[in-house]
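Colleague: Structure provided below as structure tokens; questions to follow.
Just so it is clear, none of the values below were taken in a lab; they were calculated from the coordinates. Note that the coordinates shown come from a computational prediction; the quantities given were computed from them, not determined experimentally. So basically every Cβ, Gly included, is an ideal-geometry build from the backbone, and we count neighbours across all protein chains shown.
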Amino acid sequence: MTYMKDPKSAADLLFTKRHQLFLNFDEHTDQSENAILYLNTQLSKLASTLSSTSQFNYLDVGCGFGQKTLAIINTIQAYCLIKTIALDPSHELLSLFKNEISDQSIDLFPSTWEEYQPNIQFDFISSFHTFYYIDHWQFAISKMLDALKLNGQICIALRSIDPVCQFKDYFYSKIYDDRRRERNSDELCELLIKLNIEYQIDYVDSLLDIRDCLEKNKKGRQLLEFILRQPYEKLADFEDEIILYLKKIENNGYLMQRDAYIWISNQEKGKLS
Ligand SMILES: C[S@@+](CC[C@H](N)C(=O)[O-])C[C@H]1O[C@@H](n2cnc3c(N)ncnc32)[C@H](O)[C@@H]1O
């Protein structure tokens, strides 16, 4: 799956393992491409209502190497001026992102959402597949709502309880001592309902290519490390069981993925305690 200017695979570049794992995952799925198609449609609708002279402030929380951020910027800037703040704690992913920026107005911050202190208000805040790494969701959402302009929108993408999520949960219970489960979109919806925050939800399907896992090669092992969030040495004892499980749920070497896109507007601003 290529989306970088440099045709060489991003995963070939030298990074610490964590970033290699994310980039390796990305090469095994059309999740990003499908997300970008979906987001372009949604944001074109939003941007077509904007005035060409207004400035649109965009914040991307956990931007990674920015392929979705750049796609969103390109969609919005067809309608109005856009200024973007993109933050991510990974210096390596931010430096990849920096290489992709041409004439867009983007400030990159090496920061987590918890640490970042917004000093402007935003028209649109996105956070795609980042909430798995954020412990306190109520705090994170409250902070986003505080940073949102009137009529602004937040979009959070998270995996639903799809076959990949079920696979994670099945093996998490074996690998980890605690009763860990993958955090998913149902959990976020339950929290929003509890907090009395209205939301809208869409689902975007994609495929995960697990043929490397079935072949037990290096990229397959890295994919399992990313999915199960454990170094392969700790997964080796379960290898046979993992392959057996995957063979039962795969279809021609692929697993179905379903991501939820949860949209919140600032109408409920101020309701969080
Ligand atoms: C699965 S990647 C998704 C990247 C990008 N949003 C995308 O969809 O391609 C998750 C990203 O969240 C970042 N991240 C991890 N913890 C974070 C935190 N506390 N605040 C903000 N970003 C975080 C990681 O560095 C990583 O780039």
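Colleague: Kindly provide the helix-only [θ] at 222 nm of the chain, computed as the sum of -39,500 (n - 2.57) over DSSP H runs of four or more divided by all residues, to the nearest 500 deg cm²/dmol? Before the final figure, lay out each step's value.
Modeller: Details: 11 runs with 111 residues, N = 273.
One gets -12000 deg cm²/dmol as the mean residue ellipticity at 222 nm.
Colleague: What is the antiparallel percent of DSSP beta bridges lying wholly in segment 120-273, to the nearest 5?
Modeller: Details: 18 of 24 bridges.
So the antiparallel bridges amount to about 75 percent of the total.
Colleague: Under 4 °C and 1.567 mPa s, how fast does the chain diffuse according to Stokes-Einstein, given a Kirkwood radius computed over C-alpha pairs? Answer in µm²/s, whole number.
Modeller: Details: Rh = 19.6 Å.
Answer, rounded: 66 µm²/s.
Colleague: Angle between the Cα long axis of helix 185-194 and the longest principal axis of the chain, 0 to 90 degrees, nearest 10?
Modeller: The angle comes out near 40 degrees.
Colleague: Helix 17-27 against the longest principal axis of the chain: what's the angle in degrees, Cα atoms only, rounded to the nearest 10?
Modeller: Approximately 90 degrees, to the nearest 10.
Colleague: Can you list the residues, at least 5 places off or on another chain, whose amide H is less than 5 Å from the amide H of residue 81, using H built in the peptide plane?
Modeller: Amide H neighbours of residue 81, under 5 Å, 5+ apart: 54, 56.
Colleague: Continuing with this model, one more query. Helix 137-146 against the longest principal axis of the chain: what's the angle in degrees, Cα atoms only, rounded to the nearest 10?
Modeller: Roughly 20 degrees between the two axes.
Colleague: Taking each pair of different alpha-carbon atoms in segment 86-231 once, compute 1/r for the pair, average those values, and report the inverse of that mean as the Kirkwood hydrodynamic radius in Å to one decimal. It would help to have the intermediate numbers written out before the result.
Modeller: Numbers: mean 1/r = 0.0563 Å⁻¹.
That comes to 17.8 Å for segment 86-231.
Colleague: Shifting gears a bit: For the chain, with the dipole built from +1 on Lys and Arg beta-carbon atoms and -1 on Asp and Glu ones, taken about the Cα centre, which of 29, 51, 140 lies farthest toward the positive end?
Modeller: 51
Colleague: Size of the dipole of segment 93-178 about the Cα centre, Lys and Arg at +1 and Asp and Glu at -1 on the beta carbon, nothing else charged, in debye to 20? Don't skip to the answer; put the middle values down first.
Modeller: Details: 6 positive and 12 negative charges, 31 e Å.
I would put it at about 160 debye.
Colleague: Still on this structure, I have one more. For the peptides 248-256, 85-93, 161-169, what is the packing order when you average, over each peptide's residues, the other Cβ atoms within 10 Å and list the highest mean first?
Modeller: Values: 248-256: 13.6, 85-93: 20.4, 161-169: 18.8.
Ranked from most to least packed, the peptides come out as 85-93, 161-169, 248-256.
Colleague: Taking every DSSP beta bridge that has both residues in the chain, what percent is antiparallel when rounded to the nearest 5?
Modeller: Numbers: 19 of 39 bridges.
Looking only at bridges with both residues in the chain, the antiparallel portion is about 50 percent.
Colleague: I've got another one for you. Using the Cα centre as the reference, give the magnitude of the dipole from point charges on the C-beta atoms of the chain (Lys, Arg: +1; Asp, Glu: -1; all else neutral), rounded to the nearest 20 debye. All intermediate terms of the calculation are to be shown ahead of the outcome.
Modeller: Details: 30 positive and 40 negative charges, 39 e Å.
I would put it at about 180 debye.
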